[in-house]
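Read-outs throughout are calculated quantities, based only on the coordinates presented, and are distinct from any laboratory measurement. All values reported here derive from a predicted model rather than from experimental measurement. Here the Cβ positions follow ideal geometry from the backbone for every residue, glycine too, while neighbour counts run over all protein chains shown.
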Amino acid sequence: MNKKSDNHPEAFEQALQELEQLVDQLEKGDLTLDESLQRFERGVGLARTCQQALRDAEQRVQTLSERSADAPLQDFGTDEQQ
């Protein structure tokens with residue numbers, strides 16, 4: 001996956017889904033040693049992709065929270081006012 005697509009939720013979801021499939025395959029134990037190593041290597045890469053996406057999301061939330069901490073509160077109204 002390229003760096004640009006890692007910032008999209010669908011890239012994270014796809015990586016996580018593929019990682020889950022790899023774990024299932026490895027847990028079955030039906031693979032040869034070489035196949036297991038290939039899937040493990042792919043899984044490590046996918047796990048890193050997911051971890052980076054989560055770090056990026058956490059940083060965005062933190063940035064947004066910091067910005068909004070100084071923002072004035074606004075009344076959005078209630079159903080009674082509409």
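Each peptide in 48-56, 33-41 gets a packing score, the mean of other Cβ atoms within 10 Å over its residues, and the list from highest to lowest is 48-56, 33-41. Projecting the Cα atoms of 31, 12, 51 onto the charge dipole of the range 5-62 (Cβ charges, centred on the Cα centre) puts 51 farthest toward the positive pole.
Once the other residues with Cβ under 12 Å from the Cβ of residue 43 are scored (Lys, Arg +1; Asp, Glu -1), what is the net sum?
On the way: positive: 39, 42, 48; negative: 18, 20, 24, 27, 41.
With Lys, Arg at +1 and Asp, Glu at -1, the net is -2.
The alpha carbons of the range 5-62 stretch over 43, 17, 14 Å along the principal axes, in descending order.
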